[in-house]
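One structure below.
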Amino acid sequence: MTVFEPGERVMLVDQRDRTYLMTLEVGGTYHTHSGTLPHHALLGKSEGVRVETSKGMVMTAFRPRFADFVLKMPRGAQVVYPKDLGPIIVYADIYPGAHVLEAGTGSGALTIALCRSAGPDGRVVSYDLRAEHRDQAVDNIEAFFGKLPRSLELRDGNVADVERTEDRFDRCVLDLPEPWAPLDALRHVMNPGGVLCAYLPTTVQVQELVLALRGNGFQHVETFETLRRSWHVTERSVRPDHRMVGHTGFLTIARRVGEVG
């Protein structure tokens, strides 16, 4: 059983199930509307410990899940939400050892998910046109892993530039406003049978992408969205919550076709 150490991120859950993310420091103090909490109350303690703020609010300390980290991390670009990260990893079939091409890097949430799934034996190459997005992504990725994974390479520029390299990829994940633009370049660097996944917010973009995929060496195309509805459960009733995370984006999945044999 490992205990909390300086530099670790900790998620506090209060009595109303509200969550707070903090980084432990020797001599530090966390300030909330419900009072202050000295970091030494958590250092050296194990997960699940319950502590009390200066105003009497009881909080429980856990190590944050990836989903908790994504929702609270600093953002430059719009983040890909946890409800979409899971289906991307599963339907794009990101496996340990896979070579994955990503564009754009954005705030780094999807990059982190790809690195975790491809593992240390895999490789993730991520392109972004905007340096400020890359800088924010670097901060978030380092905050999550402690350092940039050796399996990750961040590149500035247009993903279509990858065609001029010797790189070859098993999987390609796109979070771009016009993912149909680099398709000709991508099909030349993707291995036959490889999976391409694109994340798009509107039906107009989805339509243009799907029509372009079928003319650029891709087949077995499918598009779907994921909706997340939580439920309120008590002794007296079980009902859906009044609010839900509805549409955030569409996922379009396709397979790279090989040569006619």
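The values are calculated or read from the model by the stated rules, or taken from the named source; none is laboratory data. Please read all numbers here as calculations on a predicted model, not as lab measurements. Quick reminder, even Gly has a Cβ in these numbers, built from the backbone with ideal geometry, and neighbours come from all protein chains shown. Heads up: the accessible areas ignore ligands, DNA and RNA and are worked out on the full protein's heavy atoms, side chains in. Shrake-Rupley method; radii C 1.70, N 1.55, O 1.52, S 1.80 Å.
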For the stretch 81-224, go through all pairs of different Cα atoms, get the mean of 1/r, take its inverse, and jot down that Kirkwood value in Å.
15.2
Here the net charge surrounding PRO240, from other residues whose Cβ is less than 14 Å away from its Cβ (Lys, Arg +1; Asp, Glu -1), is +3
To the nearest 20 debye, what charge dipole does the chain have about its Cα centre, counting +1 at the Cβ of each Lys and Arg and -1 at the Cβ of each Asp and Glu?
860
Just the number, please: percent antiparallel of the DSSP beta bridges in the chain, rounded to the nearest 5.
60
Would you mind counting up the charge near VAL90? Only other residues with Cβ under 14 Å from its Cβ, with Lys and Arg at +1 and Asp and Glu at -1.
0
As computed over the stretch 163-261, the Cα convex hull volume per residue (Å³):
132
Ratio of Rg to Rh for the stretch 44-91, alpha carbon only, Kirkwood?
1.15
Counting Lys and Arg as +1 and Asp and Glu as -1 over every other residue whose Cβ sits under 12 Å from the Cβ of LEU21, the net charge comes to +3
Read phi for every residue in the stretch 186-193 and hand back ³J(HN,Hα) as whole Hz from Karplus 6.51 cos²θ - 1.76 cosθ + 1.60, θ = phi - 60°, with x for Gly and Pro.
5, 5, 7, 10, 9, 5, x, x
Residues with amide H under 5 Å from that of GLU102, placed H, sequence gap 5 or more:
VAL125, SER126, TYR127, VAL173
Ordering ASP156, ASP167, ASP121 by the accessible surface of their heavy atoms, 1.4 Å probe, largest first, yields ASP121, ASP156, ASP167
Candidates (i) 1.00; (ii) 1.04; (iii) 1.25; which is the computed Rg/Rh (Cα atoms, Kirkwood Rh)?
(ii)
Summing -39500 (n - 2.57) over the DSSP H runs of n ≥ 4 in the chain and dividing by its residue number, what mean residue ellipticity at 222 nm do you reach, to the nearest 500 deg cm²/dmol?
-6500 deg cm²/dmol
Given a cut-off of under 8 Å on Cα pairs at least six residues apart, what relative contact order in percent is computed for the chain?
13
Ranked highest first by the average count of other Cβ atoms within 10 Å around their residues, in what order do 168-181, 14-27, 97-110 fall?
97-110, 168-181, 14-27
Within the chain, which whole H helices from DSSP have a Cα span along their axis of at least 20 Å and a mean Kyte-Doolittle hydropathy of -1.0 or more, if any?
131-145
Ranked by how many other beta carbons lie within 10 Å on average, peptides 44-54, 235-245 from highest
44-54, 235-245
Which of the aspartates and glutamates could a cross-linker span from LYS45 if the Cα-Cα distance has to be under 17 Å and same-chain partners fewer than 8 positions apart are dropped?
GLU5, GLU8, GLU25
Leaving out same-chain residues fewer than 8 places away, which lysines sit with a Cα under 20 Å from that of LYS83?
LYS72
At q = 0.09, 0.10, 0.17, 0.19 Å⁻¹, what log₁₀ I(q)/I(0) does a Debye calculation on the Cα points of the stretch 1-118 give, no solvent, two decimals?
-0.33, -0.40, -0.89, -0.99
